[in-house]
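One structure is given here, and the rest of the page talks about it.
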Amino acid sequence: MENQLVVPTMAECLAKGEIPEILFWVGCAGSFDDRAKKISKAIVRILNKADVKFAVLGAEESCTGDPAKRAGNEFLFQMQAMTNIQVLNGYEVKKIVTGCPHCFNTLKNEYPELGGKYEVIHHTQLIQELLNTGKIKVEGGTFSGKKITFHDPCYLGRGNDVYEAPREVLSKLDAELAEMKRSRANGLCCGAGGAQMFKEAEKGFKEVNIERTEDALELKPNVIATGCPFCMTMMRDGVKLKEQEQHIQVLDVAELIATAADL
């Protein structure tokens, strides 16, 4: 039986006179995409297990404005950002964890100049911290002896130099971590970043996500690990096109840890 998730909102905490340690910024995909919702739930299971005092904005959370900015609509981005900053500052938010590298990048790097100054971390960084401090523990379990390869999300890796946190987390699974020929700073985009997710692909010889999936399939992995809901979609589509979905799982780092820890 699935453990009941405890997901308080900032408004509920305020009404009780409680101050959460951290705000979980769920993001558009993590809120509305059925597959990405499972990533959000895995993050919450980890937060609950570690007894982290967190809250979400719930209906008060809006898009960060990242897609608008990448598509060139700076005016719309600033409107969305200023609205979010007003809400965040109203709750005196100090620290934010995101389930999406695009939200992470925008909140961390582009909100400060508009008055939104917070400590922003990606969920793989938070999980790394929780593992290192012993607040959660995992054993290989389901993934012991499996071969896992990690696809670097562009806005986490190349955009913000976060390469080690997801790998250190995956190292706790007693699995073989295999690196693709293009990884870390040389990692290949999945094709969904920079608002590309929301438009038709440009003409070319091959879809980018197919080429990236081929990079992963060369290693014959059991699991392709991701740290971004958009990468998740692109890699899953690639695996399906190659008719490998019966043999290869595509899972977020949070899902791997939540499953291994039996959360």
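The sole residue among ASP66, ASP33, ASP51 that is of a type outside the set (Val, Ile, Thr) and buried (at least 18 other Cβ atoms within 10 Å of the Cβ) is ASP66.
Restricting to helices (runs of 4 or more DSSP H) lying wholly in the stretch 146-263: which have 2 or more residues that are among the small types (Gly, Ala, Ser)? Walk me through it before giving the result.
Values: elements: 164-170, 208-217, 229-241, 253-260.
Those helices (runs of 4 or more DSSP H) span 253-260.
Looking at the stretch 223-243, which of its residues are open to solvent by 60 Å² or more (accessible area, probe 1.4 Å) and closer than 18 Å to LYS147 by Cα?
Our first condition is that a residue be open to solvent by 60 Å² or more (accessible area, probe 1.4 Å); within the stretch 223-243, this holds for 236-237, 240-243.
Of everything in the stretch 223-243, just one residue is open to solvent by 60 Å² or more (accessible area, probe 1.4 Å) and closer than 18 Å to LYS147 by Cα, namely ARG236.
Does LEU217 satisfy the condition of being open to solvent by 20 Å² or more (accessible area, probe 1.4 Å), free of Cβ contacts under 8 Å to residues at least 60 places away in the same chain, under 19 Å from ARG35 (Cα atoms) and of a type in the set (A, V, I, L, M, F, W, C)? Here the answer is no, as LEU217 does not meet what is asked.
Please verify whether the stretch 57-77 includes one or more residues that are within 19 Å of GLY194 (Cβ to Cβ), of a type in the set (S, T, N, Q) and not in a loop (DSSP other than H, G, I, E, B). Even if it seems obvious, please write down each step before you answer.
First pass over the stretch 57-77, keeping only residues within 19 Å of GLY194 (Cβ to Cβ): 63-77.
Subsequent filtering for residues that are of a type in the set (S, T, N, Q) retains 64, 73.
Filter once more, so that each one left must be not in a loop (DSSP other than H, G, I, E, B): none.
No.
Among the residues of the stretch 154-165, is any over 19 Å from the mean Cα position of the chain (by Cα) and not hydrophobic (A, V, I, L, M, F, W, C)? No, the stretch 154-165 has no match at all. Condition check: part of a helix (DSSP H, G or I), of a type in the set (S, T, N, Q) and open to solvent by 10 Å² or more (accessible area, probe 1.4 Å). Does THR83 satisfy that? Taking the combined requirement at face value, the residue satisfies it.
The values are calculated or read from the model by the stated rules, or taken from the named source; none is laboratory data. Only a predicted model underlies this, so the values are computations on that prediction, with no experimental measurement involved. Please note: Cβ atoms are built from the backbone with ideal geometry, for glycine as well, and neighbour counts cover all protein chains shown. Protein only, heavy atoms only, side chains kept; ligands, DNA and RNA dropped before computing areas. Shrake-Rupley method; radii C 1.70, N 1.55, O 1.52, S 1.80 Å.
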